[in-house]
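*Asks:* Attaching a single structure in structure tokens format; questions to follow.
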Amino acid sequence: MKNNKRNNSNQPHIDKQKHSVKFHSLSRKIVSQFCLFTLLISAVWGAFCFILLYNIEDEFIEREVRQEAQYLQQTYDKNKQWPAPRVSYMQLYFSKNTLPVDIKQRYIDEPQRKEFAGENGRHYHLFALPKSENVYLVAEVSEMLLVRPFTAGILKLMLISGSILVLLAFFIAWQLGRKTAMPLKQLADLVNGVAPENIPDKFAEQFPNNEIGILAHTLESAMARINQSLHREKCFTRDVSHELRTPVAIIKNAVEVYRNQHSADENSPVIDRISQASTQMEQTVTTLLALAREEHTEAHKKHIKILPLIEQSIIDQHHLINNKPIEVEVNDNCNAQVYAQSGMLKVLLDNLVGNAFQYTQEGKVTIEMRNNELIIADTGPGIDPSISDKITEPAVKGSQSTGYGFGLSIVKRLCEHQNWTLVLSNEGGAKISITFE
């Protein structure tokens with residue numbers, strides 16, 4: 001038999017999820033986001049200033065070149081002879097082929113370009129005179145550059161100033177985040193891990209009249225409703241405990257009186273069945289009441305052998321076989337110990353074994369243990385695909401069920417209560433596995 005733990009759409013799966021959720025401080029997130037925003041703004045502003053400096057420098061040089069080109073053109077128009085430029089770093093060229101080697105080929109390839117970087121740190125601005133064809137004014141402006149020689153220093157200054165701004169933003173954000181998150185932290189500390197009935201009344205009044213105050217009042221109202229529900233549930237479970245235990249005790253006492261008044265030969269199997277059923281009912285009532293009260297105590301847990309409980313469940317549920325050709329096989333590996341409450345484990349086994357007996361018309365019911373995992377498989381019709389995704393919900397049952405549809409719902413609650421893993425699947429019939437902690 002394959003040990004299949006896969007979970008698909010036709011396999012309801014209840015699993016204890018062990019999450020180690022990392023706590024994220026709201027104030028820390030405010031600080032980090034504020035610092036990141038400041039860093040981004042500083043970088044954008046620094047880049048803008050850097051580009052602005054370059055543009056101002058280029059515009060200043062371009063203006064000088066245009067003014068000189070205008071002077072040269074006006075002089076040529078007047079005298080029909082090109083004068084020498086008035087500044088030493090400018091020079092006229094009368095053909096593309098005579099341009100400086102640093103820029104000639106690049107200008108031929110990109111005739112719309114005006115600015116060129118040359119070799120050995122030289123920097124050129126080229127202006128083609130619009131009225132004169134093949135006349136170019138070239139300015140070698142490396143000595144006039146103010147921004148480029150100090151690029152490293154400017155970047156260093158921006159880095160230092162940006163770091164100072166980020167530190168300042170960190171301090172401001174830390175103060176702002178602490179002040180903003182303090183009421184939320186107080187509210188979280190107030191309700192975190194505290195039972196609803198232990199939370200003080202009217203705790204929302206201590207919080208400011210803003211979104212946090214609205215949240216606090218909403219929580220206060222919700223906690224009040226939860227307390228009322230818990231009180232009603234306690235009263236109900238107390239009353240049910242009394243009302244259910246009393247008739248069970250009466251039945252058990254009546255059985256004992258009957259046995260005392262009659263000899264062992266006169267005790268009928270019916271009386272034995274009544275005695276077993278009353279004992280089983282007493283255990284079931286105790287287990288269900290514990291579930292209703294959400295008692296997660298470890299006090300009654302102990303290492304117990306599961307095989308005797310399996311055998312007792314088979315005996316108690318044997319009437320469901322009704323002479324059907326069914327073979328019940330209990331594997332030897334069931335002679336193992338599990339850490340559990342015997343009453344809850346018995347209720348679990350009664351439901352699972354009872355389901356297997358009821359739905360199997362012929363074939364085999366197999367019970368085995370594998371690595372702390374209980375597996376009960378049968379050769380019945382299996383889980384109806386139409387209800388497979390909600391088979392563990394209350395009042396959900398298959399077409400062949402004669403009960404009320406609460407058996408697997410109780411099994412599911414027991415598994416959740418005890419942190420056991422429940423897996424249901426179809427493998428030639430129904431297969432149910434319970435993994436114990």
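The values are calculated or read from the model by the stated rules, or taken from the named source; none is laboratory data. Model, not experiment: these values are computed from the prediction. Cβ coordinates were reconstructed from backbone atoms using ideal geometry, including for glycine residues, and neighbour counts include every protein chain displayed.
*Asks:* Of all residues in region 308-338 being part of a loop (DSSP other than H, G, I, E, B) and surrounded by fewer than 14 Cβ atoms within 10 Å (Cβ to Cβ), which is modelled with the lowest pLDDT?
*Replies:* Going through the qualifying residues, I end up with Asn322.
*Asks:* A further question on this structure: Tell me which of these Ala169 doesn't satisfy, since it passes every other one: (1) touching a Phe, Trp or Tyr at 6+ places or on another chain (Cβ under 7 Å); (2) within 30 Å of Asn210 (Cβ to Cβ); (3) without any contact (Cβ under 8 Å) to a residue 60 or more places away in the chain.
*Replies:* (3)
*Asks:* Going through region 360-397 one residue at a time, which ones are surrounded by 19 or more Cβ atoms within 10 Å (Cβ to Cβ) and farther than 27 Å from Asn322 by Cβ?
*Replies:* Hit for region 360-397 is Met369, nothing else.
*Asks:* Quick one: in region 417-432, of everything that is modelled with pLDDT of 85 or more and farther than 14 Å from Gly382 by Cα, which residue is surrounded by the fewest Cβ atoms within 10 Å (Cβ to Cβ)?
*Replies:* Selected residue: Asn419.
*Asks:* Report, by residue number, each residue of region 382-410 that is touching a Ser or Thr at 6+ places or on another chain (Cβ under 7 Å) and either modelled with pLDDT of 75 or more or assigned to a helix (DSSP H, G or I) (or both).
*Replies:* Asp384, Asp389, Thr392, Glu393, Leu408, Ser409
*Asks:* Same structure, new question: Checking Gln341 against (1) at pLDDT 90 or above; (2) under 34 Å from the mean Cα position of the chain (by Cα); (3) buried (at least 22 other Cβ atoms within 10 Å of the Cβ); (4) not small (Gly, Ala, Ser), only one condition comes out false. Which one?
*Replies:* (1) is the only condition that Gln341 fails.
*Asks:* Let me ask something else about it. Tell me which of these Gly162 doesn't satisfy, since it passes every other one: (1) touching a Gly at 6+ places or on another chain (Cβ under 7 Å); (2) in a loop (DSSP other than H, G, I, E, B); (3) touching a residue at least 40 places away in the same chain (Cβ under 8 Å); (4) not charged (D, E, K, R).
*Replies:* The number of the failed condition is (2).
*Asks:* Now, a different point. Filtering region 55-81 down to residues that are closer than 10 Å to Leu137 by Cβ and touching a strand residue (DSSP E or B) at 6+ places or on another chain (Cβ under 6 Å), which residue is surrounded by the most Cβ atoms within 10 Å (Cβ to Cβ)?
*Replies:* Applying the filter and picking the extreme gives Ala69.
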